[in-house]
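Participant: Please find one structure pasted underneath; my questions will follow.
The values are calculated or read from the model by the stated rules, or taken from the named source; none is laboratory data. All of these numbers come straight from a predicted model, not from anything done at the bench. FYI the Cβ positions are ideal-geometry reconstructions off the backbone, even for glycines, and counts take in every protein chain you see. Protein only, heavy atoms only, side chains kept; ligands, DNA and RNA dropped before computing areas. Shrake-Rupley method; radii C 1.70, N 1.55, O 1.52, S 1.80 Å.
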Amino acid sequence: MASPLSSSIFSPNFTHLFQNKAFFRNHLPLRSSIYATLTRIASKKNASMELTKRPTAPSILSTHLESTVKQFQSLMAVIIIFTEIASPIPLYGLQDLSISPAEAVLYSPETKTLPRTGELALRRAIPANTNMKTIQDSLEDISYLLRIPQRKPFGTMEGNVKKALKIATDEKASILASIPAELKEEGSVLYTSLVDGKGGLQKLLQYIKDKDPEKVSACLASTLDTIAQLELLQAPGLSFLLPQQYLKYPRLTGRGIVEFTVEKVDGSAFSPESAGEAKSTAKIQVVIDGFSAPLTAGNFAKLVVDGAYDGMKLTCANQAILSDSEVGKTTGYSVPLEIKPAGQFEPLYRTTLSIQDGELPVLPLSVYGAVAMAHSDVSDENSSPSQFFFYLYDKRNSGLGGLSFDEGQFSVFGYTTVGRDILPQIKTGDIIRSAKLVEGQDRLVLPPQDN
């Protein structure tokens, strides 16, 4: 005969309470009470098992206790599983119970190190000298430390800068040797600026010792900018070989800058970020990255050079500004979806990333002003020949770890670095008056048929 306790678990009233997840999630005292009860049950279970081991205990008592223990285990399994689903928190003190943890859990990826600005993402994407990357990582840690609201760990910051200084001085020869001969002079100037310049490591160390967070922040930004310039000199081309079948597409073997002139056609004007005259046109600059997306950036750069986007209408959708899908369609290439995972040597093609499994891209979509290609209307394994979009990332509409729900699904190939304040002012019907490749045309490699 079933125990009255086990029967009461599945009575209509009790079942209704467990099915009401919102009620259970929002009643911490109830959860705490259940956990306390489970702890007492665990103690009783252990005591019961000890009792049943005594040779003087009657066999009928042993049988009853074993039956009760099994009922307790079933009850605890039901309660714990539901509790963890409704409001997962650690069940401390119950580790010794013979209940297997759920194997399928919702994975929250580690997103602390995911770049949250275009500048940071672009800097990390440069394939440069390992010593420079170590210096960069050490200084980027200071950016996180500066976000601590009250007592900032200036001692830790000082240690980071001293580490960076030691590497910079000890490995000077290695750092400069990574720069091509024709760029050595420029590299030497940048190296001197990095170590002893007004916005260099020595100055940064002094501001940290003075415990001046505002000056530390400004100097840190200058130092990281100098590091990025040095790294770009060290990485004059792609660090990997493209698959043979993709050499038929245009490719960008480094960085490029595209300048858009956008225009309002309804008689309104763009409001300048700082004091200035409101105008019907505004400038937006996008840095496109061939280090991580050479095919996508190359196809886009060729379209810009061909004038495919001049006069193109823009459409505002949910969290995105899309270019028209028709203009330039005949001159663009439907290149394969191209995403480079963080920690990998080369991009993946024709496949998306599994964010739930911890795969994160070098160039994330979850950055305000990210620029990506739309999918082909034929297959999601390819990008559109010409349609691109500006992504207006909004953390309030994001998923786990602040990631966009579309993270890892599109070929991101650049970021808006100038004119981010203009993006939210763009309305459906506004046009791209012109798009120009102002830097990087020497890194644009065209297939034989386009030369």
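Participant: For a distance above 13 Å, tell me the whole-number percent of Cα pairs in the stretch 216-289 that qualify. Show your work: numbers first, answer last.
Facilitator: Details: 2137 of 2701 pairs.
Of all Cα-Cα distances in the stretch 216-289, 79 percent exceed 13 Å.
Participant: In bins 10 Å wide, starting from 0, what share of all Cα pairs of the stretch 386-438 does each bin hold, as a percent?
Facilitator: Calculated over all Cα pairs of the stretch 386-438, the distribution is 16, 47, 31, 6 percent.
Participant: Over the alpha-carbon set of the stretch 154-217, work out the extent along each principal axis and list the three values in angstrom, largest first.
Facilitator: Between the extreme Cα coordinates on each principal axis of the stretch 154-217 lie 40, 19, 13 Å.
Participant: Taking 0.36 nm per residue of sequence separation and subtracting the Cα-Cα distance, how much length would be gained by fully extending the chain between Thr169 and Gln206, in nm to one decimal?
Facilitator: Numbers: separation 37, 0.36 × 37 = 13.32 nm, distance 1.74 nm.
Here the segment from Thr169 to Gln206 would lengthen by 11.6 nm.
Participant: Next question, about the same structure. Given the C-alpha atoms of the stretch 105-240, compute the convex hull and give its volume per residue in Å³. The partial results should precede the final answer.
Facilitator: Values: hull volume 18.3 nm³, N = 136.
Hull volume over Cα atoms, normalised by residue count, gives 134 Å³.
Participant: Please list, in order, the residues from the stretch 221-249 whose amide nitrogen is less than 16 Å from a point placed 7 Å along the Cα→Cβ vector of Phe345.
Facilitator: Those under the cut-off are 238-244.
Participant: What residues qualify as long-range amide H neighbours of Phe388, i.e. H under 5 Å apart, gap of 5 or more or another chain, H built at 1.01 Å from N?
Facilitator: Long-range HN contacts for Phe388: Ser323, Ala374.
Participant: So if we plug the beta-carbon distance of Asp310 and Asp357 into 1/(1 + (r/R0)^6) with R0 = 41 Å, what FRET efficiency do we get, rounded to 0.05?
Facilitator: Details: r = 42 Å, r/R0 = 1.02.
Computed FRET efficiency for Asp310 and Asp357 comes out at 0.45.
Participant: Using a 1.4 Å probe and counting only protein heavy atoms, arrange Arg350, Arg255, Arg147, Arg396 so the residue with the most accessible area comes first. Let's see the in-between values first.
Facilitator: Values: Arg350 90, Arg255 30, Arg147 160, Arg396 200 Å².
The most accessible residue leads, giving Arg396, Arg147, Arg350, Arg255.
Participant: To continue, here is another question. With just the Cα atoms defining each centre, how far is the stretch 236-305 from the stretch 117-138? Give it in Å.
Facilitator: A separation of 21 Å, based on Cα centres.
Participant: Here is a further query. Given that compact globular proteins tend to follow 2.2 N^0.38 Å, what is the ratio of the alpha-carbon Rg of the stretch 125-196 to that value? Provide the component values of the computation, followed by the final result.
Facilitator: On the way: Rg = 14.2 Å, N = 72, 2.2 N^0.38 = 11.2 Å.
Normalised Rg, Cα atoms only: 1.27.
Participant: Modelled label-to-label distance, Ser271 and Asp225, 7 Å Cα→beta-carbon offset: nm?
Facilitator: About 2.7 nm, to one decimal.
Participant: Rg to Rh ratio, the stretch 330-391, alpha-carbon atoms and Kirkwood radius? List each step's numbers first, then the result.
Facilitator: Numbers: Rg = 12.2 Å, Rh = 12.4 Å.
So for the stretch 330-391, dividing Rg by the Kirkwood Rh gives 0.98.
Participant: Grab the beta carbon distance between Thr331 and Gln150, set R0 = 56 Å, and tell me the FRET efficiency rounded to 0.05. Mind dumping the intermediate values first?
Facilitator: On the way: r = 56 Å, r/R0 = 1.00.
Once the sixth-power term is evaluated, E becomes 0.50.
Participant: Students often get this wrong: which residues of the stretch 194-216 have the backbone nitrogen under 15 Å from the point 7 angstrom along Cα-to-C-beta of Thr134?
Facilitator: Within reach of a label on Thr134, which here means backbone N under 15 Å from a point 7 Å along Cα→Cβ, the stretch 194-216 contributes nothing.
Participant: For Cys219, Cys316, what's the largest-to-smallest order of accessible area, 1.4 Å probe?
Facilitator: Numbers: Cys219 10, Cys316 50 Å².
Largest accessible area first, the residues go Cys316, Cys219.
Participant: To the nearest 10 Å², what's Glu259's accessible area with a 1.4 Å probe?
Facilitator: Number for this one is 50 Å².
Participant: Using the Karplus equation 6.51 cos²θ - 1.76 cosθ + 1.60 (θ = phi - 60°), what ³J(HN,Hα) coupling, rounded to whole Hz, does each residue of the stretch 134-143 give in order, writing x for Gly and Pro?
Facilitator: Each residue's phi maps through the Karplus curve to give 5, 4, 4, 4, 4, 6, 5, 4, 5, 4 Hz.
Participant: If you plug each phi of the stretch 214-230 into the Karplus form 6.51 cos²θ - 1.76 cosθ + 1.60 with θ = phi - 60°, what whole-Hz ³J(HN,Hα) values come out, in order, with x for Gly and Pro?
Facilitator: Karplus-based 3J(HN,Hα) across the stretch 214-230 equals 5, 5, 4, 4, 5, 5, 4, 4, 5, 5, 5, 5, 5, 4, 4, 5, 5 Hz.
Participant: Rg/Rh for the stretch 162-272: what does it come to with C-alpha atoms and Rh from Kirkwood? Walk me through the numbers on the way to the answer.
Facilitator: Working: Rg = 20.0 Å, Rh = 17.4 Å.
Here Rg/Rh amounts to 1.15.
Participant: Then there is this: Could you go through the stretch 195-206 in sequence order and give the Karplus-derived ³J(HN,Hα) for each residue, using 6.51 cos²θ - 1.76 cosθ + 1.60 with θ = phi - 60°, rounded to whole Hz, and x for Gly and Pro?
Facilitator: So the Karplus estimates, Gly and Pro as x, are 8, 10, x, 4, x, x, 5, 4, 5, 4, 4, 5 Hz.
Participant: Just need the Rg to Rh number for the stretch 285-364, please, alpha carbons only, Kirkwood Rh.
Facilitator: Values: Rg = 14.5 Å, Rh = 14.4 Å.
Using only Cα positions, Rg/Rh for the stretch 285-364 is 1.01.
Participant: Mind ranking Asp212, Asp442 by accessible surface for me, highest first, 1.4 Å probe? Write down the numbers at each step before the final one.
Facilitator: On the way: Asp212 45, Asp442 130 Å².
Accessible-area ranking of Asp212, Asp442, largest first: Asp442, Asp212.
Participant: Calculate what fraction, in whole %, of the accessible area of the stretch 261-411 sits on carbon and sulfur atoms when a 1.4 Å probe is rolled over the protein chains.
Facilitator: Values: 2970 of 6240 Å².
Here carbon and sulfur together make up 48 percent of the probe-accessible area.
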